1. Quick check on the exposure proxy: order Ile153, Ile6, Ile14 from fewest to most C-beta atoms within 10 angstrom.
2. So for the chain, averaging the separation of alpha carbon pairs under 8 Å that are six or more residues apart and normalising by length, what relative contact order in percent results?
3. Can you return the aspartates and glutamates within cross-link range of Lys100? Criterion is Cα-Cα under 17 Å, with same-chain partners fewer than 8 residues away left out.
4. At 7 Å along the Cα-to-beta-carbon direction for both Phe117 and Lys7, put a label point, then send me their distance in nm to one decimal.
5. Between Ala151, Pro84, Phe117, whose Cα lies farthest towards the positive end of the dipole of the chain when Lys and Arg beta carbons carry +1 and Asp and Glu beta carbons carry -1, centred on the Cα centre?
6. Between beta-carbons, use under 14 Å as the cut-off and find the net charge around Ala57, counting Lys and Arg +1, Asp and Glu -1.
7. Do the sum for the chain: with -39,500 (n - 2.57) for every DSSP H run of n ≥ 4, divided by all residues, what is the mean residue ellipticity at 222 nm, to the nearest 500 deg cm²/dmol?
8. Of Val8, Leu54, Cys35, which is farthest towards the positive pole of the stretch 1-105's charge dipole, taken about the Cα centre with +1 and -1 on the beta-carbons of Lys, Arg and Asp, Glu respectively?
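All of the numbers you see were taken from the coordinates with simple rules; none came from a lab. These figures come from a predicted structure and were not determined experimentally. Here the Cβ positions follow ideal geometry from the backbone for every residue, glycine too, while neighbour counts run over all protein chains shown.
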Amino acid sequence: MAAARIKVGDCYEIRLPDGRYAYCQYLRWNEQLGCLVRVLDLVTEVPLSSVHQLQCAGDIFPPVFVGLRASVRSGRWKFVGTLPVNEFKFPVFRATSATKPGTYNNWYLWDGQEQRFIGQLPPELRSLEIELVWGDEILEERIAYGRNPFAEIQ
């Protein structure tokens with residue numbers, strides 16, 4: 001089934017590998033990385049009956065980029081409604097060319113517009129998301145099991 005045009009504020013139901021349901025909200029389009037979403041901290045055993053049940057949900061982790069269009073178009077993620085995006089501030093991401101766990105000295109910070117070299121990553125910035133686009137399956141596993149394969153890159 002063809003998906004309707006994705007709009008800021010649209011919310012989607014994500015079926016997790018363990019059978020539960022999670023939810024995300026589309027926040028912003030970025031020319032470089034695509035769809036930025038927030039993954040809500042509401043995981044349920046059965047699908048929600050209304051998008052309004054998401055109104056007071058927080059975030060499981062900071063916003064991430066994901067191939068949202070493909071996930072929706074394939075029917076993997078299901079549209080459940082739209083909620084307003086209030087007081088949105090683009091998050092800061094950390095970036096490096098490293099791909100394996102370890103400690104690196106070539107870190108940058110990116111605010112969606114500018115990238116700034118910082119060298120070594122201080123401990124207080126290790127909770128920032130890495131600048132990358134998540135695949136739907138690996139993001140579903142992160143939500144279900146709490147495993148972030150990129151957390152060990154420091």
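1. Numbers: Ile153 19, Ile6 16, Ile14 23.
Least crowded to most crowded, the residues run Ile6, Ile153, Ile14.
2. On the way: 286 pairs, mean separation 36.5, N = 154.
Rounded, it is 24 percent for the chain.
3. Glu129, Glu131, Glu152
4. 4.4 nm
5. Pro84
6. Numbers: positive: Arg38; negative: Glu13, Asp41, Asp59.
Computed value for this residue: -2.
7. Numbers: 2 runs with 16 residues, N = 154.
Here the helix-only value at 222 nm equals -3000 deg cm²/dmol.
8. The residue sitting most towards the positive pole is Cys35.
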